[in-house]
Each structure stands twice: as structure tokens, then as C-alpha cells.
């Protein structure tokens, strides 16, 4: 485990989307300061599928989501927060990206197949017996299918199929059973480096004081990823992971992090507020 000097005691979650952007957030900074907030914990702010209300379906980790604002606006807000003594913890999503027409990396793969510079960025089984050399696209009737047919009527590098086909066959790793979220090979150095360009810049310029890592258990090698992230961010960056701990399970001591995002604590609080004598009447 790691221990930084930074210790976020009073933290306030900010959910950014097209209807609550940087400019709107700027207006509530005085309120947060008056409330005694010392750290804001922001939902993903990198470019996501248009209209996303959560940001976990990212399409470009090196652009600020234009529906939220600009890099210049973020830096401006960061300066205001620092003047009020408020730090920023950023939620990042290294496990997966959105599988849609707005993702330039996946579109390049669909166009060029295994010759794409991004072919190894995604966890694709190019040797799958049913889809050998091709990526399955289980989105019939979608905007992605329309875009593919428009740009390349001959499907040389992909196979469009019914979404229910993934119940039997699938040749890419996904977030749980969500077909539209394709997992990336973040354990590979070139993928890690490419994915974290903007994150590295924002940490280096003291915009982010900490990071919250989404779905750490989805990664092929969580320990290696966290070691790489620690090397990139430095020892003073506060890092926590989203991890659902089973009863008796602990965070590995050799992970270079400050802890987890607190689901175990939330469970204890929920139990405290539940009248257990009513359990039989409610179940």
C-alpha cells in the first residue's frame, strides 16, 4: 500500500454531462467552499459517446469531452479551486472504451483489420474459429452499422451479426456482458502510454491531485497497471481503486495505492441503518 501526504477528508462527487458542464460547475465553487468541501471527485471527463450522462463509455482518453467543456476551461477551474483550497480526484476508465462510430481507434480497426495501428489496443481474438481475422460487430441496425456500410460496403475486417450471437460466440473481451463496451489491452506498454497522455499532462500540471480507477478487477494484470500508473503519476498522487471486496477479502498489500473507493464502508453504513428484525417480512 502507498501513503501520500494528501488526505481527502470532505469529498463531493461531481457528475459531469452535457447538462452540467464546467461553466455550470464553476458557479457552485463558492457554495462548495462555504460547505467545507476540500476535494471534488469528478466523473469521467474525457470524450465519451455523444449524450453520455456518465462518461464511462469513452471514445478518446486524450480529449476533454466537448459536451462538458475545454482543456482551457478545466485549467481555469483548477486555478479557482486551488484558491479555495479544494483538490480534484479524477475518475478514469482504463478497462474499456465505447464500441461505436465515434471511437476513432475502433473505427480504424474496422477499416484496416489486423493491419491497423490499433489492432492490438483492443482485446480481440483474431483467431476465433467463427470470425477468423475479423471482428464481430453485434449491433444490427445501429448507427455504427450504417456508417460501416456507407464507408466500406464490403466487410473485409468485420462481421455484422445479431446481438444475441454473443450469447454463444464472442471474439472480443467486453465489460461484463455489455457488447457496446470493448476492453483494451492496458497491460501493454504502448497502449498504456497512448491511453494516459492527457492524464499524465493534467497530473504534471497539478490539475489532478488524485485518481480513482474504475473496475480494477477487469484488468488482465491489476498490480502491473497500478505500478505503471504510480510510476507515471508519482508518489504524491492519491490513487484509489473501485473494487468490490468479498467477505474476508483484502486489498493486496503490494498494490501501490491508498485504498479502495469505499464500497465495503458503504455496506457497513447500510447495515447500520437497516432494522434486521424486519428481514423476514421483507424477503
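The values are calculated or read from the model by the stated rules, or taken from the named source; none is laboratory data. Remember, it's a predicted structure, so these values are computed and weren't measured experimentally. Every residue, glycine as well, gets a Cβ built from its backbone with ideal geometry; the counts of neighbours run over all protein chains shown.
Selection of the range 152-193 for residues being surrounded by 17 or more Cβ atoms within 10 Å (Cβ to Cβ) and under 30 Å from residue 79 (Cα atoms) yields only 192.
Yes or no, residue by residue, for (1) assigned by TED's automatic domain parsing to the domain that holds residue 144; (2) over 22 Å from residue 113 (Cα atoms); (3) not in a helix (DSSP H, G or I):
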residue: 166; (1), (2), (3): yes, no, no
residue: 194; (1), (2), (3): no, no, no
residue: 211; (1), (2), (3): no, yes, yes
residue: 217; (1), (2), (3): no, yes, no
residue: 226; (1), (2), (3): no, yes, no
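Mind checking which residues of the range 2-27 are surrounded by 15 or more Cβ atoms within 10 Å (Cβ to Cβ), in the same structural domain as residue 237 (by TED's automatic domain parsing) and over 16 Å from residue 90 (Cα atoms)? Scanning the range 2-27 gives 20, 26.
If you check residue 221 against the conditions, is it outside the structural domain of residue 91 (by TED's automatic domain parsing), free of Cβ contacts under 8 Å to residues at least 60 places away in the same chain and surrounded by fewer than 14 Cβ atoms within 10 Å (Cβ to Cβ)?
On the way: outside the structural domain of residue 91 (by TED's automatic domain parsing): no; free of Cβ contacts under 8 Å to residues at least 60 places away in the same chain: yes; surrounded by fewer than 14 Cβ atoms within 10 Å (Cβ to Cβ): yes.
Judged against the criteria, residue 221 is not a match.
Residues 235, 253, 270: which one is out of contact with any strand residue (DSSP E or B) (no Cβ under 8 Å at 6 or more places or on another chain) and assigned to a helix (DSSP H, G or I)?
Details: 235 fails: assigned to a helix (DSSP H, G or I); 253 fails: assigned to a helix (DSSP H, G or I).
None of the other options fit; the residue is 270.
Could you count how many residues in the range 244-264 are free of Cβ contacts under 8 Å to residues at least 60 places away in the same chain and surrounded by fewer than 20 Cβ atoms within 10 Å (Cβ to Cβ)? Number satisfying all stated conditions: 13.
Per-residue answers, yes or no, for (1) under 30 Å from residue 223 (Cβ atoms); (2) surrounded by fewer than 17 Cβ atoms within 10 Å (Cβ to Cβ); (3) out of contact with any strand residue (DSSP E or B) (no Cβ under 6 Å at 6 or more places or on another chain):
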site	(1), (2), (3)
89	yes, no, no
98	yes, no, no
102	no, no, no
141	no, yes, yes
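Specify the residue that is surrounded by the fewest Cβ atoms within 10 Å (Cβ to Cβ); the eligible residues are those in the range 65-86 that are outside any helix (DSSP H, G or I) and out of contact with any helix residue (DSSP H, G or I) (no Cβ under 7 Å at 6 or more places or on another chain). The selected residue is 85.
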